[in-house]
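These notes are about the structure you will find just below.
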Amino acid sequence: MQQFDTVILGGGPGGLAAAYGLHAKGQHVAVVEKDLWGGTCPNRGCDPKKILMAPVETQGRSEALQGFGLNGTLEINWRALMAKKRAYTQGIPDGTLSGLKAAGIATFHGMAHFNADGSVQVDTEQLNATNVIVATGQAPRVPQIAGQEWLQTSNDFLDLDTLPADITLMGAGFVGVELANIARAAGSQVHLVHHSDRPLRAFDGDLVTDLLAQLTKQGIDVRLGTDITQVEPAGDQYRVTTADGDQWTTDLVFATAGRTPVVADLGLEQVHVAATKHGITVNDHLQTTNPHVFALGDVVDRPQPKLTPVAGYEGQYLTTALTTPNAPAISYPVIPSVVYGKTQLAQLGVTPAQAVADPDQYRVNDLDLTHWYSYQRVNDPHARIKVVIEKASGCIVGAAVLSMEAEQVINYLDFVIQQRLSSVDINHAIMAYPTLASDLTYFN
């Protein structure tokens, strides 16, 4: 049996943040990874997705300026784009492992599970530790339908050698909408199916409606309020059947209806760690129902968005919590969420819906940005922002943005909200002009 101060299950961004942090504090740390070192984000998630999205965004900007100084459309070369993506991702696992070893952090590759005595078993190795951190993340959820064995996931999409002429996506959440953007821009006919009439439920409803209209305008077949109930082979394609009785044939079907926490084979019951279908239950110190087992990242059942920066933040927190007596409870800053595409949807802080429900405390500025110079110059046809203002202070406390520039605007507002900058504070800064940052002074 090998002895450690902390054993971390999961070599993704959150687990790595904790591993390097605790190691720097003098702890003897081990990291266990069963799949690709580096985790989902750099291997099969946000990083490769954003590489595939780069030419999509460029294509969208080019389309917006057709007849306004640009002529000729841009075509995406899927094979060349995939080569670029793989050039990035192929070095992640070895680079991550090499970094851990160079730092002197112990590494183990294999399936981990808890023994009844609290130790961690990794194949034939038994690891004992004062504390264990579970950072195993999530995996794509495959719906239980007739023909589910024919379904592929986002993992498969992000590594396609060739892009089929026709694809179907089951679920219009973050993943489904983003993959629909990529596939359509690259030339595929795309069917985007969602079980309810209200996808992207965490985002502002008006802006989601505007975004779906944009997807439809791009030629994406958006089908709301229905489920796919069966997928079956039809020659070299697949026949899809919905609950409404609609049928069509398609080259590939991808399950994009959410993700599930990776807990099934950990043996949590052996060490009395409680979990729900949404993940592991933790308190405000990220401590589970076992006082020596902690959890962070996407595997945790919590209201905060399940995003890579949140996992990293929690890894940094546990570095302090596990090395400082009487550490304070975790306190999260405002957390931005972005749905990427030719038109981006972003949100953070107090939502417009929350503000409308509490009119004594908040007001909402609903601004059409299409005629503002920053958006007019790039011909952004549907730029819109809802800014939530706290009445007592006059400070911006939340925002929802739909624009080709949304990811940049939301990050500027993240800084404004986190620092509680008033309009007076913003006006005291001289921004480069004309830029998105120089628009901040007009939002409240």
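Bear in mind these aren't lab numbers, they're just calculated from the coordinates by the rules spelled out. Treat the numbers as computed from the prediction; the structure is a model and nothing was measured. In this analysis, Cβ positions are derived from the backbone assuming ideal geometry, glycine residues included, and neighbour counts consider all displayed protein chains.
Full extension of the chain between Asp156 and Lys277 gives 41.1 nm of extra length, using 0.36 nm per residue less the Cα-Cα distance. Between Thr216 and Arg79, the modelled labels are 3.7 nm apart [label points 7 Å from Cα along Cα→Cβ]. Between Asp197 and Gln90, the contour length at 0.36 nm per residue exceeds the Cα-Cα span by 34.6 nm. Each principal axis of the Cα atoms in region 255-300 has its own extent, and those three values, largest first, are 36, 23, 13 angstrom. Every Cα-Cα pair of region 148-257 was included, and the share exceeding 15 Å stands at 60 percent. Per the Kirkwood formula applied to alpha carbons, region 1-126 shows a radius of gyration over Rh ratio, Rg over Rh, of 1.21. Expressed to the nearest 5 percent, the antiparallel share of DSSP beta bridges inside region 70-210 is 55 percent. Over the Cα atoms of region 74-194, each weighted equally, I'd like the Debye log10 I(q)/I(0) at q = 0.13, 0.23 Å⁻¹, rounded to two decimals. Normalising to I(0) and taking log10 leaves -0.79, -1.33. When both bridge partners sit in the chain, DSSP labels roughly 55% of those beta bridges antiparallel. Mind grabbing the base-10 log of I(q)/I(0) for the chain at q = 0.10, 0.11, 0.13 Å⁻¹? Debye formula, identical points on the C-alpha positions, no solvent, two decimal places. Calculated log10 I(q)/I(0) at the listed q: -0.82, -0.98, -1.28.
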